[in-house]
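To start, the structure under review is shown below, and the notes come after it.
The values are calculated or read from the model by the stated rules, or taken from the named source; none is laboratory data. Here the structure is a predicted model, which is why all the values come from computation and not from measurement. FYI the Cβ positions are ideal-geometry reconstructions off the backbone, even for glycines, and counts take in every protein chain you see. Note: areas computed on protein heavy atoms with side chains; ligands, DNA, RNA excluded. Shrake-Rupley method; radii C 1.70, N 1.55, O 1.52, S 1.80 Å.
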Amino acid sequence: MEKSLIIGAAGQIGTELVSQLRSRRGKNNIIAVDLRIDNLSSPCFELDAMNETALRDLVLKEGISEIYHLVAMLSVTGEKAPQKAWDLNMKTLFSVLDLAKEGLIKRIFWPSSIAVFGPSTPKIQTPQYCSMDPTTAYGISKLAGELWCQYYFKNYGVDVRSLRYPGLISWKTMPGGGTTDYAIDIFHSASRREEFISFLEPDTRLPMMYMDDAVRATIEIMEAESDAIRIRSSYNLAAVDFTPSELGIAIKKIKPEFEMSYSPDSRQAIAKSWPSSIDDTQAKLDWGWKSRYNFLSIVKLMTDKI
Ligand code: VAH
């Protein structure tokens, strides 16, 4: 059985990806690393993904054959330190791409995001190929990263696969620094019987996905035959789309006491620059993608679990 390394394993996606990969492939074949490992189960190691030598040494020592690179500074945090976001998001990507270029690992998963789209992008059913003018440091790094992934595939045969995640909704970990994280915070407010104050306007429609769908998509694209992966920048990926108002109404139907109000802040401009819905036809055609969680099932799950 191949050994996989998950860098950024303690994050929102990493936590659930590690768990599901270990169930599928055996605990000892999935190595989890992050800056802090107090919430990780073994086999796990403390690793700063910015330390290229330490990463290389671990790959060689553990006999790693594929890497899931989940390290990134997201949209909101990235706007507070744009150069740091660029450095972290890009340097760590090149470290992993170069390991594959040198033949030390066989395969890479690297997440992109709807943040690669911008104000000139068609908003409804955003196509796989279209105008892309990201307005955040995070989005710029993800767009550049997509082009480098495609470059390393075309010029060095690096088998790197990528998905443009929409906003991801999960209950197992607290979110970290994303514009779409209002869609998680709202459930925690509802659970605490506190009024939720949305930092986005009521009609801000955004593409979203339940975490189980996102983790399954990640595993499915990595297990697909290489020649089925015809897009080596990053695939559009879709499930649902909704507005803060629609989400509040759906929660109130389950929790009648729930109240929310609106106080848009700087995150509104970020959200406004992103699509309202995504066309993921290419992912469906190339490697059989299909989402399983619809809007109401996500709301029911999140209100049950939190
Ligand atoms: C963010 N959750 O809000 C991330 C995501 C779709 C955006 O990449 O920054």
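Here's the yes/no breakdown for (1) in contact (Cβ under 8 Å) with a residue 60 or more places away in the chain; (2) part of a strand (DSSP E or B); (3) open to solvent by 10 Å² or more (accessible area, probe 1.4 Å):
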{"position": "T173", "(1), (2), (3)": "yes, no, yes"}
{"position": "G176", "(1), (2), (3)": "yes, no, yes"}
{"position": "Y182", "(1), (2), (3)": "yes, no, no"}
{"position": "I186", "(1), (2), (3)": "yes, no, no"}
{"position": "E194", "(1), (2), (3)": "no, no, yes"}
{"position": "P202", "(1), (2), (3)": "yes, no, yes"}
{"position": "P207", "(1), (2), (3)": "yes, yes, no"}
{"position": "A214", "(1), (2), (3)": "yes, no, no"}
{"position": "A217", "(1), (2), (3)": "yes, no, no"}
Among (1) of a type in the set (V, I, T); (2) open to solvent by 40 Å² or more (accessible area, probe 1.4 Å); (3) within 13 Å of the ligand (Cβ to nearest atom) - the single one I124 does not satisfy
(3)
Hey, among D304, D241, D279, D265, which residue is at pLDDT 95 or above, open to solvent by 10 Å² or more (accessible area, probe 1.4 Å) and closer than 15 Å to M208 by Cβ?
D241
Please go through the range 127-155 and give me each residue that is surrounded by fewer than 21 Cβ atoms within 10 Å (Cβ to Cβ) and either in the same structural domain as A283 (by TED's automatic domain parsing) or not in a helix (DSSP H, G or I) (or both), ordered by number.
P127, Q128, Y129, C130, S131, M132, D133, T135
Can you spot a residue in the range 173-193 that is within 16 Å of the ligand (Cβ to nearest atom) and at positive phi?
yes
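If a residue counts only when it is more than 26 Å from D213 (Cα to Cα), which strands (runs of 3 or more DSSP E) contained entirely in the range 1-66 have at least 1 such residues?
Numbers: elements: 4-7, 30-34, 44-46.
Correct list: 44-46.
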